[in-house]
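Every read-out reported here was derived from the displayed coordinates using simple, explicitly stated rules and does not represent laboratory data. Small disclaimer: the values here were computed from a predicted structure and weren't measured. Cβ atoms come from the backbone with ideal geometry, glycine included; neighbour counts cover every protein chain shown.
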Amino acid sequence: MATMRAGIYKGKLQAEVVDMPKPGVGPKDVLVRTVRSSICGSDVSGVGVEAGVQFGHETAGYVAGLGKEVKGLKEGDRVWINPMNAMPKYQTCMLGGFSEYILVPDAKLNHNLFLLPGAISWDEASLIEPFGVGTRGKNRPGAKPGDHVVVYGAGSIGLFCISGLIAQGIIPVVIDIALSDYKRALLEKMGAVICPLNGDKFKFLKEHFGELPQRQSGRAIDVDIVVDCAGAPNIIDDFFKLCKPNSRLSIVGVNARPQEVNLARLMSTEVVMLGSSGYDLADIEEVIDNLAHKRTLVNEIITHHFPLEQLNEALNMAADREKSIKVVVDME
């Protein structure tokens, strides 16, 4: 029986790479040989992952086998796997990105498998999934060129959101209380505006974007969209302090703590608060197009590479936010 090496989740920041049977291919299946897989925050925290199973879901590779009923694909094709459509609901994080082979059942092009243009490197391909999450964060509120946008948080998802905005021609202001020297230099290289934290951020935003009359009384900062990629408890209050009529707050960052919302202020300003989760087909198509046309610097978000046999070391590095941003596992 043919075997493969596979990363098995054993607990928080613990994994074991073992031999296990290589999946067989049914008539509607595609077998993908993984080449690169990046580490998600869920891989580090264990959220959405069960002990004793294969895990990892930010991955890309090439078609190593396919069933006779599969259309539009052939062996050797470079592909990105959409884990949201390749796995049952709530099992996305257990796709098996840290295994040498992944079986995609009921495979369909542009549904659970996407062809990769030749201009996209393997490193870039491993970032399509989180780049999709960041892209949806700015697409949900309908960001368009000319909008004034503030992004809270420059972790990996924040950086992907910022990358998507800049690829679209929007220069956001970034607010982050824990910028490393590397992140600061990367943001400057990307072209983002960094809000200084040694002063009044609202004063800075007023000077940068300007002011205009509030709908009923007072003045508002001319900000169209705020994207929360940090999940910090102050962001909703900040939004109400700077919002103008019809401004939008897109909530991407995870904050499980209950928070009070001033509904009278929500009503009187006619602002909009939106949740943003995952991505859809349009977001992924936009990501692939941006990567293929080199409109972003997302490959520079990758700070470390590890081989599969050092999966434990890779997970622990990914957990160290002072030393790393995005950690990639080289599967070949």
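Taking θ as phi - 60° and the Karplus parameters 6.51, -1.76 and 1.60, the scalar couplings of the stretch 25-37 work out to 10, x, x, 10, 9, 10, 9, 10, 8, 5, 10, 9, 9 Hz in sequence order, x denoting glycine and proline.
Phi angles of the stretch 47-59 translate, via the Karplus equation with coefficients 6.51, -1.76, 1.60 and θ = phi - 60°, into HN-Hα couplings of 5, x, 10, 9, 5, x, 10, 5, 8, x, 9, 9, 8 Hz per residue; Gly and Pro are given as x. Residues whose amide H lies under 5 Å from that of residue 82, counting only those 5 or more places away or on a different chain, are 113, 114; hydrogens are built 1.01 Å from N in the peptide plane. Annotation: extensible slack from residue 285 through residue 214 equals 21.8 nm (criterion: 0.36 nm per residue apart, minus Cα-Cα distance).
Sorted ascending by nearby beta carbons within 10 Å, beginning with the fewest, 260, 50 become 260, 50. Annotation for the stretch 270-332 versus the stretch 8-71: alpha-carbon center distance of 17 Å. Cross-link pairs exceeding 27 Å between alpha carbons, from the set 144/201; 10/71; 183/294; 201/244: 10/71.
Normalising the average separation of contacting C-alpha pairs (under 8 angstrom, six or more residues apart) by the number of residues puts the relative contact order of the chain at 19 percent. Residue by residue, the stretch 115-123 carries 3J(HN,Hα) couplings of 5, 9, x, x, 6, 8, 6, 4, 4 Hz when phi is fed to the Karplus relation 6.51 cos²θ - 1.76 cosθ + 1.60 (θ = phi - 60°); x denotes Gly or Pro. Distance between the pseudo-spin-label points of residue 51 and residue 257 (7 Å out from Cα toward the beta carbon): 2.9 nm.
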